[in-house]
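Scroll down for the structure; my scribbles are underneath it.
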Amino acid sequence: MRVVGLMSGTSYDAIDAAAADLSLDGDTLVLTPLGMVSTVYDDDLRADLAGALPPAGADLATVCRLDTRIGRAFAAAAVRADEELCGGRADLVASHGQTVFHWAEDGRVHGTLQIGEAAWIAEATGRPVVSGFRTRDVAAGGQGAPLVSIVDVMWLRGRPGVPVALNLGGIGNVTVVPGGAEGTGGEPLAFDTGPANALIDAAVRALAGRDASGEAYTMDTGGALAARGAVHPPLLRRLLDDPYYARPAPKTTGKELFHLPYLRAALGPCGPLPAEDVVATLTRLTARTVADAIRPFGATEVIASGGGTRNPVLMDWLREELGRAGAAGGAGGAGGCVVRSSDELGLPAGAKEAYAFAVLGWLTAHGLPGTVPSCTGARRASVLGSITPGGPGLRLPRPPATAPVRLTVGG
């Protein structure tokens, strides 16, 4: 089955469309990557979306318009991916949509909202569309995140030691697969570590001004600002005191908490700081909180993906923090944890989440659960999402006699 996975993360800058050939070989799902295309949100849509997200308010008319405009943008991305990557022969589209609110209070998730109406995608492509993945897990008592954990568990199962999958998007998340090849390390676990790029991007847009060409900064490209700055210890201590980091897993967070007003409140007692110092401090915050989250599990390797992997300063500081944890007597030992890109295991770091949603769509189309309860905190595993029929009607494949427990990357 050829599946197009559509993903736009908490940075809401573009829609990633990754196409994969998915086939079952015994208990192993074989994913053959067919490529990825990325479609940038137009400036007006991105500005309107940013203006409607928390802590800003939005009326229902605004939500309706954004739902339609984002649905059309996802539809255009799906058409392009089908034509360019699948030769017009895609069988299914799996759309994550655009998260606009994740209702989390007191350690529980009560609801979640992703917009980008699937009917626009089905109408434009003629393909069935799986969408609305997160809500069923929330209804079953789960966090609704990180949903890619089932893909991580299938993918990393059997690797030696304790592998950890790390995604550095707007928010960081990890999946820990204890036991490795031995399978004796207990249940897998997944959770959001806190901000990855969310606060860095917010600081850059608000404080960094324009580059030498007159273009406004939108992100710390290549970690250049962080490299020029100095970490401000009082600000770092203030940020590390946030209660979220001490909460037990599974847990989830988002830009409902980690946004520009949150950052401004933390900056207030510190007085004016150069933009470079703020960005450096936030980059260190991400590296520190990710390392702190991974440390208790004795990770032997961290397999990283997401936009943060393109920031060499962040990646160097993450390696430094993990090395410091080992040297301080943390589990895993000094130098015992290798940090590598998901590219090394066959999944492009910039497209891994889109490929993961292609897998989730495949599972749903085959009537198979798409969650690991120990990772999301749900009462049970659930078949995720809703299916919108394509042009010729809806014909779903038969559920396989054996559900896959492993995933390999082919091609």
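From the list A325, A403, which one is modelled with pLDDT under 95 and either more than 23 Å from D137 (Cβ to Cβ) or among the polar types (S, T, N, Q) (or both)?
Step by step, each of A325, A403 is checked, and only A325 is modelled with pLDDT under 95 and either more than 23 Å from D137 (Cβ to Cβ) or among the polar types (S, T, N, Q) (or both).
Across the stretch 34-50, which residue is modelled with the lowest pLDDT among those that are of a type outside the set (D, E, K, R) and more than 14 Å from A14 (Cβ to Cβ)?
A47
Scan G361, G336, G350 and give me the residue that is out of contact with any Pro (no Cβ under 7 Å at 6 or more places or on another chain), under 26 Å from G35 (Cα atoms), in a loop (DSSP other than H, G, I, E, B) and not aromatic (F, W, Y).
When all the criteria are applied, what remains is G350.
Name every residue in the stretch 191-223 that is open to solvent by less than 60 Å² (accessible area, probe 1.4 Å), among the aliphatic types (A, V, I, L, M) and touching a residue at least 12 places away in the same chain (Cβ under 8 Å), in order of residue number.
A196, A198, L199, I200, A202, A203, V204, A206, A208
Pull out all pairs, ordered by first then second residue, where Cβ-Cβ is under 7 Å, the residues are six or more apart or on different chains, the first lies in the stretch 386-411 and is among the charged types (D, E, K, R), and the second is part of a loop (DSSP other than H, G, I, E, B) and surrounded by 12 or more Cβ atoms within 10 Å (Cβ to Cβ).
R406/D27; R406/R157; R406/G158
Would you tally the residues in the stretch 74-102 being at pLDDT 95 or above, out of contact with any helix residue (DSSP H, G or I) (no Cβ under 6 Å at 6 or more places or on another chain), closer than 21 Å to Y12 by Cβ and of a type in the set (A, V, I, L, M)?
Going through the stretch 74-102 one residue at a time, the tally reaches 3.
Looking only at residues that are open to solvent by less than 40 Å² (accessible area, probe 1.4 Å) and free of Cβ contacts under 8 Å to residues at least 60 places away in the same chain in the stretch 247-271, which one is nearest to V177 (Cα to Cα)?
A266
Return only the number of the condition from (1) more than 23 Å from P348 (Cβ to Cβ); (2) at pLDDT 95 or above; (3) open to solvent by 60 Å² or more (accessible area, probe 1.4 Å); (4) in contact with a helix residue (DSSP H, G or I) (Cβ under 8 Å, 6 or more places away or on another chain) that R310 does not satisfy.
Single failed check for R310: (1).
For the stretch 35-94, name all the residues that are open to solvent by 50 Å² or more (accessible area, probe 1.4 Å), of a type in the set (A, V, I, L, M) and outside any helix (DSSP H, G or I).
M36, V40, A58
In the stretch 335-349, how many are closer than 17 Å to P312 by Cα and open to solvent by 40 Å² or more (accessible area, probe 1.4 Å)?
Total meeting the criteria: 5.
Report yes if A90 is over 19 Å from the mean Cα position of the chain (by Cα), closer than 16 Å to A354 by Cβ and touching a residue at least 24 places away in the same chain (Cβ under 8 Å), otherwise no.
When the stated conditions are applied, A90 passes them.
Quick test of your reading of the structure: G142 fulfils all but one of (1) within 18 Å of G5 (Cβ to Cβ); (2) under 23 Å from the mean Cα position of the chain (by Cα); (3) not aromatic (F, W, Y). Name the failing condition by number.
Unmet condition: (1).
In the stretch 3-38, what count of residues is obtained for those that are closer than 19 Å to P146 by Cβ and of a type outside the set (A, V, I, L, M)?
The number of residues fulfilling the criteria is 7.
Suppose the filter is touching a Lys or Arg at 6+ places or on another chain (Cβ under 6 Å), surrounded by fewer than 24 Cβ atoms within 10 Å (Cβ to Cβ) and among the charged types (D, E, K, R); does R136 pass it?
Here the answer is no, as R136 does not meet what is asked.
Can you go through V174, V153, V164, V109 and tell me which one is under 14 Å from the mean Cα position of the chain (by Cα), of a type in the set (A, V, I, L, M, F, W, C) and not in a loop (DSSP other than H, G, I, E, B)?
V174
Per-residue answers, yes or no, for (1) over 24 Å from the mean Cα position of the chain (by Cα); (2) modelled with pLDDT under 95:
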site: I294; (1), (2): no, no
site: G330; (1), (2): yes, yes
site: G350; (1), (2): no, yes
site: T364; (1), (2): no, no
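Output the number of the condition that R134 fails; it satisfies all remaining conditions of (1) within 24 Å of W317 (Cα to Cα); (2) under 18 Å from the mean Cα position of the chain (by Cα); (3) not in a strand (DSSP E or B).
(1)
Does A77 qualify as being over 18 Å from the mean Cα position of the chain (by Cα) and either free of Cβ contacts under 8 Å to residues at least 40 places away in the same chain or under 20 Å from A354 (Cα atoms) (or both)?
Judged against the criteria, A77 is a match.
Given the structure, is I200 under 16 Å from L363 (Cβ atoms) and among the hydrophobic types (A, V, I, L, M, F, W, C)?
No: the conditions fail for I200.
The values are calculated or read from the model by the stated rules, or taken from the named source; none is laboratory data. All values reported here derive from a predicted model rather than from experimental measurement. Heads up, the Cβs are rebuilt from the backbone with ideal geometry, glycines too, and the neighbour counts pull from every protein chain shown. Quick note on the areas: whole protein, heavy atoms, side chains included, nothing else; ligands and nucleic acids left out. Shrake-Rupley method; radii C 1.70, N 1.55, O 1.52, S 1.80 Å.
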